[in-house]
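No value in this document is a laboratory result; all are computed from the given coordinates. Keep in mind it's a predicted model, so treat the numbers as computed, not measured.
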Amino acid sequence: MLSLISWQHYLLLISSLTCAYYAVVISLYYKSELLSFFSQKPEPLHSDRRPENSILGEAREINNSIAAEDLQFISESDHVQ
C-alpha cells in the first residue's frame, strides 16, 4: 500500500497538514490580535504627517559651496614625480 504513494504526494500532504495545523493553532491562540490587525484602516501612502520622534532629526540646509573661480588644480608640469 505504501508503494502507491509517491514522495511528492507524501510531502504535499505533510506540508498541507502542517499549514492547516498552524492556521488552527494561530487562530485559536491569537484570535483577538488577528481581528484587530485585519480591522485596521490602511493609512494613505502619501501622508504629509511627519513623525514626531524622528531618529535623524530635522533636515537643515547647509550652504557651504565654493565658487568655481576659487578652485585651484595642479597642472601636469607642476606634478612632482
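Working out 0.36 nm times the residue gap between L17 and S75, then minus their Cα-Cα distance, what length gain in nm do you get to one decimal?
On the way: separation 58, 0.36 × 58 = 20.88 nm, distance 7.54 nm.
So the chain would gain 13.3 nm between L17 and S75.
Subtracting the Cα-Cα distance of I26 and I55 from their residue separation scaled by 0.36 nm leaves 7.0 nm.
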